[in-house]
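*Asks:* I'd like to ask you about the structure that follows.
Every number in this text was worked out from the coordinates using simple rules, so none of it is lab data. Only a predicted model underlies this, so the values are computations on that prediction, with no experimental measurement involved. Note that we place each Cβ from the backbone using ideal geometry, even for glycine, and neighbour counts take in every protein chain shown.
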Amino acid sequence: MSRLDSFIRRMTSQKILLEYLVEKVNQVDGPVLELGLGNGRTYDHLREIYPEKEIFVFDFAMNCHPSCAPDADHMILGDIRDTLAFCEPRVGAKASFAHIDIGSADPTNDLAIVHWLAPLLNERMAVGGFVLTALKLELSNFETLDKPEGIHPGRYHIYRKVSET
Ligand SMILES: C[S@@+](CC[C@H](N)C(=O)[O-])C[C@H]1O[C@@H](n2cnc3c(N)ncnc32)[C@H](O)[C@@H]1O
């Protein structure tokens, strides 16, 4: 498969999965966390599909297209490894949904990310809240949910927090 086809498939899956979760996420109280603003594509889509939810966005820097820049209160700048643990005074309630888009192309680096990210994420998620990520999280109090038909089995994962511990 060409890199163009692979990119299109990845973006299509991401959009399908983000939209697939909307009804479920809306049944849970709490804000949405976007880990990885990048150029703002998925943040812009989250704003469209979650008009009623507050969305907090995390990244080292704000380098997105100007049309989809989060306001200062909702853009949390810095290394997520530091900021996620200390965002509670700003974010408030635990999250109903986290979209994690910070994976690398390197499987060893991805394992290292999961190692620090998983416990921090657990702290910030509401019971019943959903996580969509390309990273394979190992959290015993989260269940792995089935994906809608047509999504490549290993490409994305949907998790739901079932209990506090
Ligand atoms: C693939 S891009 C996100 C793409 C974005 N979701 C979009 O649709 O445009 C990944 C982003 O995550 C950010 N990122 C990766 N690791 C991070 C970390 N530890 N702390 C803060 N930001 C991080 C990078 O700076 C980059 O902007």
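*Asks:* Using a 7 Å offset from the Cα along the Cα-to-Cβ direction at both residue 79 and residue 165, what is the distance between the two label points in nm, to one decimal?
*Replies:* Result: 3.0 nm between the two label points.
*Asks:* Suppose each label sits 7 Å from its Cα in the direction of the beta carbon; what would the residue 8-residue 104 distance come out to in nanometres?
*Replies:* Going by the 7 Å Cα→Cβ label model, 3.1 nm.
*Asks:* Ordered by residue, what ³J(HN,Hα) values in Hz, to whole numbers, does the stretch 65-71 give under the Karplus form 6.51 cos²θ - 1.76 cosθ + 1.60, where θ = phi - 60° and Gly and Pro are x?
*Replies:* 4, x, 6, 10, 7, x, 6
*Asks:* Here is a follow-up. Compute the separation of the alpha-carbon centres of the stretch 75-121 and the stretch 14-51 and state it in Å as a whole number.
*Replies:* Value for the Cα centre distance between the two parts: 15 Å.
*Asks:* Oh, and also: Counting GluC sites (Glu not before Pro) as exposed when in a DSSP loop with at most 16 other beta carbons within 10 Å, what is the longest stretch of the chain free of them? Provide the component values of the computation, followed by the final result.
*Replies:* On the way: sites that count: 52, 54, 138, 149, 164.
The reported range is 55-137.
*Asks:* I want to verify the translational diffusion coefficient of the chain in µm²/s; compute it with Stokes-Einstein, Rh as the Kirkwood radius over Cα pairs, at 25 °C and 0.890 mPa s. Write out the running numbers ahead of the final one.
*Replies:* Details: Rh = 16.1 Å.
Using the Kirkwood radius from Cα pairs, D works out to 152 µm²/s.
*Asks:* Also: For a test of understanding, tell me how many lysine pairs in the chain have Cα atoms under 20 Å apart, given they are 8 or more places apart or on different chains.
*Replies:* So the count of such lysine pairs works out to 14.
*Asks:* Taking amide H atoms as placed 1.01 Å from N in the peptide plane, list the residues 5 or more away in sequence, or in a different chain, whose amide H sits under 5 Å from that of residue 158.
*Replies:* It is 145, by chain and number.
*Asks:* Right, something else. Got a sec to turn the phi values of the stretch 38-44 into Karplus ³J(HN,Hα) couplings, 6.51 cos²θ - 1.76 cosθ + 1.60 with θ = phi - 60°, whole Hz, x for Gly and Pro?
*Replies:* x, 8, x, 4, 6, 4, 4
*Asks:* Let me ask another. Given the DSSP H assignment, sum -39500 (n - 2.57) over each helix run of at least 4 residues in the chain and divide by its residue total; what's the result at 222 nm in deg cm²/dmol, nearest 500? All intermediate terms of the calculation are to be shown ahead of the outcome.
*Replies:* Numbers: 6 runs with 57 residues, N = 165.
That comes out to -10000 deg cm²/dmol.
*Asks:* For residue 145 and residue 61, calculate 0.36 nm times their separation in residues minus their Cα-Cα distance, and state this gained length in nm to one decimal.
*Replies:* Values: separation 84, 0.36 × 84 = 30.24 nm, distance 3.19 nm.
Full extension of this stretch gives 27.1 nm more.
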